[in-house]
Amino acid sequence: MRRFYLHRLGCPKNDADAETIAGFLTSRGMVRVDDPKTADLLIINTCGFIQPAKEESIAAICELAKLKTAGGNRKLVVTGCLSQRYADAMKKEMPEIDGIFGLNDFSAIPDVFGPATGPIVARRAIPAVYPEYGFHRQPYPDEVFAYLKIADGCDNRCSYCAIPDIRGPYRSRTIEAIEDEARYLLDMGKRELILVSQEATAYGRDRYGNERLLPLLERLTALPGSFWLRVMYLHPARLTRELIDYMVDNPVICSYFDVPLQHCRERILRLMNRAVSAGTIEEILEYIRSRSRAAAVRTGFIVGFPGETEEDFEALYRFVARHRFERMGVFAYSAEEGTPAVGLAGAVAEDVKQQRLDRLMMLQQEIAFAANEAAVGRRMEVLVEAIDHRRGAALARSRFDAPEIDQAVILGGTNWEPGQFSDVMITGTDGYDLTAGKEGA
């Protein structure tokens, strides 16, 4: 019985893809292991979106290539966005790789154990519709949440982004397929389902003729059991008041609005081809706050985009200071080959990009720390994720925090169960994290 090790990189969509690959290999009689040294097959599910992600993927490939060449007759396979985008270059420059597979070619992975000499390269065209499979994905058992993919690809064509060229046009899954997978994940013990795609607000447009995110949410929140539902990647151009109202009013859905804004200046938004005006962004943020002061807004910004002046950046700084986002990420612009932004005038020096990023993140740190101090003394519902016996504590998250990118709530004591929901009293802060008393306190 062959054993495989799967190294996950990149975004939550990639994580869901990795679990699909694991499900396929398991259906073929293979066994997933957590230690690459015990594996016959080493798989890196890569990210190829921006330069730092590419570098991280290449570093992971090189590290596992060392393990392969150390002996044991292991096979090394690369999947995901990097192999979809750069298969030919990888074949030429990384001879240690036995298989290079695109985003939808994992069914060919077992072929690396066949008689072929040299690397196998499988990179078919992106399918016209979202593919469904006759096997279940294999979620990681120690995670109390699961990413639930509702679509793949993107039609937005933001000028800085290569995702449409890598993953193809937007392709929605059927409501029935998503509901079936949600049932399966809940039956597997998952307590939080996180809807992921390149854009949730576009869901259904390609398949049903109009956006169907709200009907999808109605179906999913009607499923039996106690669980949270979180929606990621809401495009501000299509975030309607009706959808905001539903997310605020439905107790199953986390009042967590993940709305990547990228900038606040009209001119920069046009250069980015974001298809939303600065005025619409202001209206959306004002409406969310008017509907719920308890809602959390997560957003992200790009600094150093071509043409961004000091005046533009200072306006963005004031915008963040005024809106005081609960959660925020900042990225320095990374030029992606083949995207329209590469040809724009007004390139910003790398050191200036870094200075702007640092300033904005320092501002956000002040905002986040002040919000945490204000939370002390409040009761908060949390989902326990893991027990840290060494620290004598448990790690949990609130409704206002997504896994892997947001803050944690550190619970005193170890008398907790992963997957447990509990109302706790916030007793203090620990940097970006909160602390809470023991169970029942």
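The values are calculated or read from the model by the stated rules, or taken from the named source; none is laboratory data. Computed from a prediction, not measured in an experiment: that's the story for all the values here. Every residue, glycine as well, gets a Cβ built from its backbone with ideal geometry; the counts of neighbours run over all protein chains shown.
So is Y256 outside the structural domain of P418 (by TED's automatic domain parsing), at positive phi and touching a residue at least 24 places away in the same chain (Cβ under 8 Å) or not? No: the conditions fail for Y256.
Listed by first and then second residue, the pairs with beta-carbon distance under 7 Å, at least 6 apart or on different chains, first residue in the range 1-27 and in contact (Cβ under 8 Å) with a residue 24 or more places away in the chain and over 18 Å from Y184 (Cα atoms), second assigned to a helix (DSSP H, G or I) and hydroxyl-bearing (S, T, Y), are R3/T38; L9/S57. On the given criteria, is A87 outside the structural domain of L9 (by TED's automatic domain parsing) and farther than 30 Å from L186 by Cβ? The answer is no for A87.
Table: residues versus (1) surrounded by fewer than 17 Cβ atoms within 10 Å (Cβ to Cβ); (2) over 16 Å from I50 (Cβ atoms); (3) assigned by TED's automatic domain parsing to the domain that holds R289; (4) touching an Asp or Glu at 6+ places or on another chain (Cβ under 8 Å).
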position	(1), (2), (3), (4)
V303	no, no, yes, no
P306	no, no, yes, no
E311	yes, yes, yes, no
V320	no, yes, yes, no
A341	no, no, yes, no
V352	yes, yes, yes, no
Q355	yes, yes, yes, no
D358	yes, yes, yes, no
F369	yes, yes, yes, no
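For the range 130-164, the candidate set comprises residues that are aliphatic (A, V, I, L, M) and part of a loop (DSSP other than H, G, I, E, B); within that set, the residue that is farthest from T20 (Cα to Cα) is A162. Scanning the range 385-441 for residues that are closer than 16 Å to E143 by Cβ, surrounded by 15 or more Cβ atoms within 10 Å (Cβ to Cβ) and among the charged types (D, E, K, R) yields E385, R397, D401, D406. Please verify whether D180 is free of Cβ contacts under 8 Å to residues at least 24 places away in the same chain, assigned to a helix (DSSP H, G or I) and surrounded by fewer than 21 Cβ atoms within 10 Å (Cβ to Cβ), treating the condition exactly as stated. Yes. Checking A60, A65, A89 one by one, the residue that is assigned to a helix (DSSP H, G or I) and without any contact (Cβ under 8 Å) to a residue 24 or more places away in the chain is A89 and no other.
For the range 222-265, the set of residues classified as among the basic types (K, R) and assigned to a loop (DSSP other than H, G, I, E, B) consists of R238, R265, listed by residue number.
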